Amino acid sequence: MRLSDFNSAPPTAAAAFLGPCADVPRWITAIVEARPYATRADLLAHAADAAPAWTEAELDRALQHHPRIGERAQGASAENELSRREQSGVDNSADTVEQLLAGNREYEAKFGRVFLIRAARRNAEEILTHLQSRLNHTPENELPVVAEQLREIALIRLEGLVTS
């Protein structure tokens, strides 16, 4: 979508456009209400500023739309299409997939949520290294990491969806 179209879209349409980036209503509302944006860079900067203060409940809501790393998202939703694109660089060999699935199971057992990492611009080795490292976190230490990863994902998605 062009920035000018985003700026002039009805609030409900602009909000629906942002939903696949991160399903955090408070974040979406903050971005929509700050329109119009003079430049794409202004939009991205405002989106970044609005993201860091996400609550645990907001993170859990947003994570419902993210498949496990290494699992191919099913369905035709915008979120699933973005996820497939982001994970396209992850090695899908049987060994890598098994390591990711085992790590995901361990992570979910420990933290009670799906392991979230910005997969875009990362390879499987990097993801596995981060997964193993993050398994050493306490829940209190892990929560800000999850928030940062969701923020990175949301901004990359928004950057890819809005043109000048």
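None of the figures in this text is laboratory data; all of them are computed from the coordinates on show. Since the model is a prediction, treat every value here as computed from it, not as a measurement. So basically every Cβ, Gly included, is an ideal-geometry build from the backbone, and we count neighbours across all protein chains shown.
List of remarks:
- Remark: the R26-L161 segment gains 46.6 nm on full extension, using 0.36 nm per residue and subtracting the alpha carbon distance.
- In Hz, Karplus ³J(HN,Hα) per residue of the stretch 99-107 (6.51, -1.76, 1.60; θ = phi - 60°; x = Gly, Pro): 4, 5, 5, 5, x, 4, 4, 5, 4
- Estimated translational D of the chain in µm²/s (Stokes, Kirkwood radius over Cα pairs; 20 °C; 1.002 mPa s): 130 µm²/s
- Computed extension gain for A16 through R35, at 0.36 nm per residue and net of the alpha carbon distance, reaches 5.4 nm.
- Each other residue within a Cβ distance under 10 Å of V146 adds +1 if Lys or Arg and -1 if Asp or Glu, for a net charge of -1.
- Unit charges at the beta carbon, dipole of the chain: most positive-side option, V97, T55, P36: P36
- Net charge of Cβ neighbours under 13 Å - reference G112; Lys, Arg +1; Asp, Glu -1: -2
- Our note on the geometry: Cα centres of the stretch 1-62 and the stretch 94-164, 22 Å apart.
- The alpha carbon gyration tensor of the stretch 120-164 gives principal lengths a ≥ b ≥ c with a/c of 1.5 or higher and a/b no greater than b/c, which makes the shape oblate.
- Take every pair of alpha-carbon atoms less than 8 Å apart whose residues are at least six positions apart; their mean separation over the length of the chain yields a relative contact order of 31 percent.
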